[in-house]
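Shown next, in structure tokens, is the structure this report addresses.
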Amino acid sequence: MTIKDKVLVVEDEKSISGFIRAILTANGFDVIVAHSGSEAFSMISSHCPDLVVLDLGLPDMDGMEIIETVRQWTQIPIVVVSARSYERDKVQALEKGADDYITKPFGAAELLARIRVAIRHTRTGLANSAIASTGKFTAGDLTIDYDKHQVLIRGENAHLTQNEFRIVALLGKCAGKVLTYDFIMKELWGPQSKGSNQILRVNMANIRRKIEKNPAEPQYIFTEVGVGYRMIEGDS
Ligand code: CA
């Protein structure tokens, strides 16, 4: 089973959104289109796309406003596609939190390359920031020590491998939330890892053997069948 990356194209000109849709669909992406800023906001929250391709000149608002607003609640990658070629517009978009900027007219290869890079960066970013973060996460007898790269059970080192630690570290950073198999795989092993979650299952079986009293009835990391894993919420 392959899960496609979903791209939201925010563009009011039908010929351009049609062009982008054709390129992306032909290259294995799922594409949804918003024709205005307000439509973009509702589609980002209802469809959770993996990336946004954003035109700056929209009928109801300026794309810069969209970048600013979206960045208040999500780090979803945003690639700006605009006819404005001024340096200051590019700088402004990037400063507001866009990940990349393409000037119209652009070619299919360029668009695809930029989108793939933006998705990859965000993904490695979250996993890396989880691994690189500091402090502790505690839930009952479980402690994730982010400084020492260790998981402790009742104060004892559970001796996780590097990969096992990365999985637990990521789940701990998003405790209480379900992370899909696909998301975890891509976070930890890059976008090419999609397709099989065997490696993740094997690692999870080992993690549970090391941290759970009864691996068949986990208390810390739960399986959401067919979806992914969820770390119990931490003690506050
Ligand atoms: Ca436009």
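If you wrap a convex hull around the Cα atoms of the chain, how much volume per residue is inside, in Å³?
130
Between ILE32 and LEU112, what is the label-point separation in nm under the 7 Å Cα-to-beta-carbon projection?
Calculated label separation equals 2.4 nm.
Would you mind putting 78-88, 165-175, 4-14, 208-218 in packing order, based on average other-beta-carbon counts within 10 Å, highest first?
165-175, 4-14, 78-88, 208-218
Take VAL202 and PHE222, extend 7 Å from each Cα along the Cα→Cβ direction, and tell me the distance between the two endpoints in nm.
2.9
Taking the Cα atoms only, what angle lies between the long axis of helix 87-96 and the longest principal axis of the chain, rounded to 10 degrees?
Roughly 30 degrees, rounded to the nearest 10.
Could you name the lysines whose alpha carbon sits less than 19 Å from that of LYS104, not counting residues in the same chain fewer than 8 places away?
LYS104 reaches LYS14, LYS90.
If the reach is capped at under 21 angstrom between alpha carbons, list the lysines near LYS186, excluding any in the same chain fewer than eight residues apart.
Answer for LYS186, where 21 Å is the Cα cut-off: LYS4, LYS6, LYS173, LYS177, LYS194, listed by chain and number.
Which order do TYR181, TYR229 fall in if you start with the one that has the fewest other Cβ atoms within 10 Å?
TYR181, TYR229
How much length is gained on full extension from GLU87 to THR134, taking 0.36 nm per residue of separation minus their Cα-Cα distance? All intermediate terms of the calculation are to be shown ahead of the outcome.
Details: separation 47, 0.36 × 47 = 16.92 nm, distance 3.70 nm.
Here the segment from GLU87 to THR134 would lengthen by 13.2 nm.
Using alpha carbons only, how many degrees (0 to 90, rounded to 10) separate the axis of helix 37-47 from the longest principal axis of the chain?
Taking the Cα atoms of the chain, the angle to 37-47 is about 30 degrees.
Calculate how steeply helix 162-173 sits against the longest principal axis of the alpha-carbon atoms of the chain, using the helix alpha-carbon long axis, and give the answer as 0 to 90 degrees to the nearest 10.
The two axes meet at around 70 degrees.
Values in this text are rule-based calculations from the coordinates and carry no lab data. The structure displayed is predicted, hence computed values, not measured ones. Note that we place each Cβ from the backbone using ideal geometry, even for glycine, and neighbour counts take in every protein chain shown.
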